[in-house]
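Data first, discussion second: the structure below is written as structure tokens.
Read-outs: derived from the displayed coordinates by stated rules, not from any lab. Nothing here was measured: the structure is a model prediction, and the numbers come from that model. No Cβ is skipped: glycine too gets one built from the backbone with ideal geometry, and neighbour counts run over all protein chains shown.
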DNA sequence: CAACCTATATACCGCCCGGTATGAAATGTT
DNA sequence: AACATTTCATACCGGGCGGTATATAGGTTG
């Protein structure tokens, strides 16, 4: 159905290549991921990469899009849980599965990118921080709804509770990247949930 | 009192230079901190740096020692609080003061270093992770004592609670480095303390 | 067939990295 | 005054970085 490709057809699948690039960025961070590593993992040469993805920064942003779409899909689902506690529970289990599973690199790509990016890659930092803020805003909104529905005691502020939860999520990702095992982090999540106020 | 210095005396104060290096590492991370930045901030030339501190890695570890001694001193003090809740409170306020104060770079040098270090600087990662583990072990021990003293309900596991607290602490440092303001983080800390079990 | 277009492969660019060789300057010792 | 010792300033090293120029290979279109 594509209107008849002109010229030599490319020999690689951009989606697969992008997925490989994502793994590299996820493992090493934006700056530490070198073009040599990227091209080798993607199985293509540098000119092909530049022709297809632009440059390193553009490649990273596309990888970040893929990451959010595939790996952070649990976030959208989590907000649909019936209670605030259910939301927190799903967010925690989703984060644990994503950030210390077997098949993928440990830790959160977003955290890795904001923490590891020096002034050079400010645009990356800013981008990730903006995306994170919008995620947190969604959680806040959901918790305000939960308060209205009686899930949360009036004594707790939905925004602060959301901030506390995202803080734990980010802390978990730091620990996961530092080599903490799933059992340990599951224990942390359980403990936090045990402290949770309301339904 | 030093036994009569032979040769040309050095023209800089190693302690001040190390403090300047610490600021650079703290702001940029180990790998992103270049020798050019370091020497400029320290006010010395590269040969002087290498003669006095060895190499970049040795310089970093000395800076890390200084960081723990000066900036993480609140940790030791916190463990002396009379109750488990008091320990948590002091750890949180100390972390907030250290990681999003006005005079120092935001975020935790340890978190920055472990997250941002690629495979190259594995020795750095390992070192920081080890130091962090020993800190957490101290908190666990203190919470076991707290349980014995009745500060904590028997239903909560001291180790898990400690893990949860350090997770929050690390999450706070990620947020601080991401530009979160002190009020917001204070709100997070307050919320977490409000959920705290026991005295 | 040739003409044309696009992806590939190779080799290369300027730049900055961590680290160092070299020689001059500044002190104490004799 | 002459020397030994240590620090300082400059210039330099090989190597890896992100990015690209050039030429060739592999297709579709006339």
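For helix B:122-149, report the angle its Cα long axis makes with the longest principal axis of the Cα atoms of chain B; keep it between 0 and 90° and round to the nearest 10°.
30 degrees
Rank these for me by crowding, B:62, A:46, going from fewest to most other beta carbons within 10 Å.
Fewest-to-most ranking of B:62, A:46: A:46, B:62.
Using only the Cα atoms, what convex hull volume per residue in Å³ does the stretch B:81-123 have?
That works out to 98 Å³ per residue.
Checking the a/c ratio against 1.5 first, then a/b against b/c, what shape does the Cα gyration tensor give for the protein assembly as shown?
Oblate, since a/c reaches 1.5 and b/c is not below a/b.
Can you tell me, using C-alpha contacts under 8 Å and at least 6 residues apart, the relative contact order of the stretch B:92-171 as a whole percent?
Reported relative contact order: 24 percent.
Of A:127, A:15, A:65, which has the largest mean-square fluctuation in a 10 Å C-alpha GNM of chain A?
Maximum among the listed residues: A:15.
What gaps in nm, shortest first, separate residue A:138 from its twins in the other copies when you place the label 7 Å past Cα toward the beta carbon?
4.0
Can you tell me the relative contact order of the stretch B:36-136? Whole percent, Cα pairs under 8 Å, sequence separation 6 or more.
Relative CO of the stretch B:36-136 lands at 15 percent.
How far is residue A:179 from the same spot in each other copy, in nm, shortest first, if each label point sits 7 Å from Cα toward Cβ?
Inter-copy label distances (nm, one decimal, shortest first): 3.4.
Taking other Cβ within 10 Å of each residue's Cβ, how do A:131, A:28 sort, fewest first?
The fewest-first ordering by Cβ neighbours comes to A:131, A:28.
Please give the FRET efficiency for residue A:5 paired with residue A:133, using the beta carbon to beta carbon distance and R0 = 45 Å, rounded to the nearest 0.05. Working shown, then result.
On the way: r = 41 Å, r/R0 = 0.90.
Here the calculated transfer efficiency is 0.65.
When a/c is below 1.5 the answer is rounded, else prolate if a/b is larger than b/c, else oblate, so apply that to the stretch A:11-66 with a ≥ b ≥ c taken from the square roots of the Cα gyration tensor eigenvalues.
rounded
Select from A:84, A:58, A:97 the residue whose mean-square fluctuation is largest in a Gaussian network model of chain A (Cα-Cα springs shorter than 10 Å).
Its mean-square fluctuation being the largest, the pick is A:58.
Per 0.36 nm of contour for each residue apart, how much would the distance between residue B:35 and residue B:97 grow if the chain were fully extended, relative to their Cα-Cα spacing? Intermediate results must be reported in sequence, preceding the final value.
Numbers: separation 62, 0.36 × 62 = 22.32 nm, distance 2.89 nm.
Length gained, residue B:35 through residue B:97: 19.4 nm.
Quick one: grab the alpha carbon gyration tensor of chain A, order the square roots of its eigenvalues as a ≥ b ≥ c, and give me rounded if a/c is under 1.5, else prolate or oblate depending on whether a/b is larger than b/c.
prolate
At residue A:55, with labels set 7 Å past Cα in the Cβ direction, how many nm apart are the copies from this one, shortest first?
Nearest to farthest, the other copies are at 3.2 nm.
Could you work out how far helix B:158-177 tilts from the main Cα principal axis of chain B, as a 0 to 90 degree angle to the nearest 10?
That works out to roughly 50 degrees.
Please arrange A:123, A:135 by counting, for each residue, the other beta carbons lying within 10 Å of its beta carbon, fewest first. Before the final figure, lay out the partial values.
On the way: A:123 12, A:135 19.
Ordered by Cβ neighbours within 10 Å, fewest first: A:123, A:135.
Looking only at A:11, A:40, A:80, which one moves most when chain A is put into a Gaussian network model with springs between Cα atoms under 10 Å?
For chain A, modelled as a Gaussian network with Cα springs under 10 Å, the answer is A:11.
For helix A:56-71, report the angle its Cα long axis makes with the longest principal axis of the Cα atoms of chain A; keep it between 0 and 90° and round to the nearest 10°.
Relative to chain A, helix A:56-71 is tipped by roughly 40 degrees.
Report the relative contact order of chain A, percent, no decimals, based on alpha-carbon pairs under 8 angstrom and at least 6 residues apart. Could the numbers behind the result be given before it?
Working: 184 pairs, mean separation 46.2, N = 199.
Value for chain A: 23 percent.
Over the Cα atoms, compute the radius of gyration (one decimal) and Dmax (the largest Cα-Cα distance, rounded to a whole number) for the stretch B:93-199, in Å.
When restricted to Cα atoms, the stretch B:93-199 yields Rg and Dmax of 15.4, 47 Å.
Suppose R0 equals 22 Å; then what is the FRET efficiency for residue B:13 and residue B:68 from their Cβ-Cβ distance, rounded to the nearest 0.05? Mind dumping the intermediate values first?
Values: r = 20 Å, r/R0 = 0.93.
Rounded to the nearest 0.05, the efficiency is 0.60.
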